[in-house]
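One structure is given below, encoded as structure tokens.
The values are calculated or read from the model by the stated rules, or taken from the named source; none is laboratory data. Just so we're clear, the structure is a prediction, and the values are computed from it rather than from any experiment. Note that we place each Cβ from the backbone using ideal geometry, even for glycine, and neighbour counts take in every protein chain shown. Keep in mind that these areas ignore ligands, DNA and RNA; they rest on the heavy atoms of the full protein, side chains included. Shrake-Rupley method; radii C 1.70, N 1.55, O 1.52, S 1.80 Å.
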Amino acid sequence: MIVDKQLGTLRGLQFWLYAASGVATPFLPLYFAEKGYSSSQIGAMLMAGPLIAIFFQPIWGYVSDRMQTVKKVVFLLWILTILFSIGLFVSEAYAMTFMFIILMYVFFQPSFPLLDSITIQAVERRGATYGSIRLFGSLGFTAIAVAGGYILEAMGGIQQLGYLFWGVWIIPILLLFRLKDEPAEGERMTLRSIQGIFGNKSFLLFLLLVFVITIPHRMNDAMFGLYMKENGASDTQVGWGFALSAIVELPAFLLLSRYLKRIHEFVLIGIVGILYSIRWLFYAWASEPWQILLLQAGASVTFAIFWIS
């Protein structure tokens, strides 16, 4: 029963954390466009936030390891995310909006790998698979991406996005109190061990490849909604576009996590890089909303494999 409670809590946390992402990723560009910001301004904000957050993720990982708790660190990150999002949604000046979105992502983004780390520890101890838990994240993203457009319409439009974003956080904050930290194994992380990591050329090459692939993926997340709108799509179709990419990930996370571990990570990353390149080329040629929607299904063989790798 205890085992089921922990895995059930992790499923719920994955669902609602990605639901929060499902509010921010599809609808923030539309919210900023409604405020009158140009595509270049929106792209700069939505690329700068996640990019800068990448460099803070190891710091929070180090803090979590030293304190021997994921739960308390994630709680702090989520509270700070909500606080800085208030500044984001009430700011009128572009410079202030830019500052607050960076601060929001600096605390929002690191919670994903931290939640993944405790998920991996939990499933390994219980004989489950990571994909069987992570697929609930895709379900959460799908649900809010589809429902978000209708909810915002009922609330009075995209200007009410802040209220939707804050409302989504209620359940994961409550669920976090049910989560139990998994006992840590091995030695604690030290500054010396971090130096050893930076001396591992193979690992650094892997991180570089991940970084290169992540850049166009994040660009797509940031600009997809605006690209769809320029091609005649509605807000609801934009939501469906993101939802479709999450839906097709479900079987991939469930099935591929069982088999991909047999293939070396560099081989997987190489395959994903080629498939991503082909997918982005087709986006450049697409001119109709339905064509762009179909290309979103490519996430099943690009993002899913990339994330599991």
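Need the C-alpha centroid separation for the range 279-309 versus the range 85-155, integer Å.
Distance between centres, Cα-based: 21 Å.
Please arrange LYS201, LYS71 by accessible surface area, largest first, computed with a 1.4 Å probe and ligands excluded. Spell out each step's value before the answer.
Working: LYS201 170, LYS71 50 Å².
Ranking LYS201, LYS71 by accessible area, largest first, yields LYS201, LYS71.
Please report, as a whole percent, how much of the solvent-accessible surface of the chain comes from carbon and sulfur atoms (probe radius 1.4 Å).
Ligands and nucleic acids excluded, carbon and sulfur give 69 percent.
Placing +1 on the Cβ of each Lys and Arg and -1 on the Cβ of each Asp and Glu in the chain, which of LEU293, ILE173, TYR31 has its Cα farthest towards the positive end of the resulting dipole?
Going by the Cα projections, it comes out as ILE173.
Please list ARG134, ARG11, ARG192, ARG178 from largest to smallest accessible area, probe radius 1.4 Å, with all protein chains kept in place.
ARG192, ARG178, ARG11, ARG134
Per-residue accessible area for LEU174 at 1.4 Å probe radius, Å² rounded to 10?
110 Å²
Taking only the alpha-carbon atoms of the range 57-124, what semi-axes of the equivalent ellipsoid follow from 5 times the gyration tensor eigenvalues under a square root, in whole Å, largest first? Working shown, then result.
On the way: eigenvalues 155, 20, 18 Å².
Semi-axes from the Cα gyration tensor: 28, 10, 9 Å.
So how exposed is TYR163, as accessible area in Å² (1.4 Å probe, rounded to 10)?
It works out to around 140 Å².
Using the Cα centre of the range 229-309 as the reference point, and only Cβ charges (+1 on K/R, -1 on D/E), how large is the resulting charge dipole? Debye, rounded to the nearest 20.
Magnitude of the dipole: close to 360 debye.
What number results when the radius of gyration of the range 227-290, computed over Cα atoms, is divided by 2.2 N^0.38 Å?
1.43
Treating the beta-carbon of each Lys and Arg as +1 and of each Asp and Glu as -1, no other charges, what is the dipole magnitude of the chain about its Cα centre, to the nearest 20 debye?
840 debye
With the Cα gyration tensor of the range 5-112 giving a ≥ b ≥ c as the square roots of its eigenvalues, does the rule (a/c under 1.5 for rounded; else a/b larger than b/c for prolate; else oblate) give rounded, prolate or oblate?
In terms of gyration-tensor shape, prolate.
For PHE112, PHE203, PHE177, what's the largest-to-smallest order of accessible area, 1.4 Å probe?
The ranking, largest first, comes out as PHE177, PHE203, PHE112.
For the chain, compute the number of Lys pairs whose alpha carbons are separated by less than 26 Å, excluding pairs fewer than 8 positions apart on the same chain.
7
Under the Kirkwood approximation for Rh and a Cα-based Rg, what ratio Rg/Rh is obtained for the chain?
0.95
Which length gain, in nm to one decimal place, applies between VAL90 and LEU255 when the Cα-Cα distance is subtracted from 0.36 nm times their residue separation?
Result for the pair: 55.1 nm of gain on full extension.
May I have the extent of the alpha carbons of the range 36-175 along their three principal axes, as whole Å values ordered from largest to smallest?
For the range 36-175, the Cα spread along each principal axis is 50, 32, 26 Å.
How large is the Kirkwood hydrodynamic radius of the range 258-302, counting all unique pairs of alpha carbons, in Å?
Working: mean 1/r = 0.0855 Å⁻¹.
Its Kirkwood hydrodynamic radius stands at 11.7 Å.
With every protein chain left in place and a probe of 1.4 Å, what is the accessible surface of GLU34, to the nearest 10 Å²?
Probe radius 1.4 Å; accessible area of GLU34 about 110 Å².
For the chain, calculate the relative contact order in percent as a whole number, restricting contacts to Cα pairs under 8 Å that are 6 or more residues apart.
28 percent
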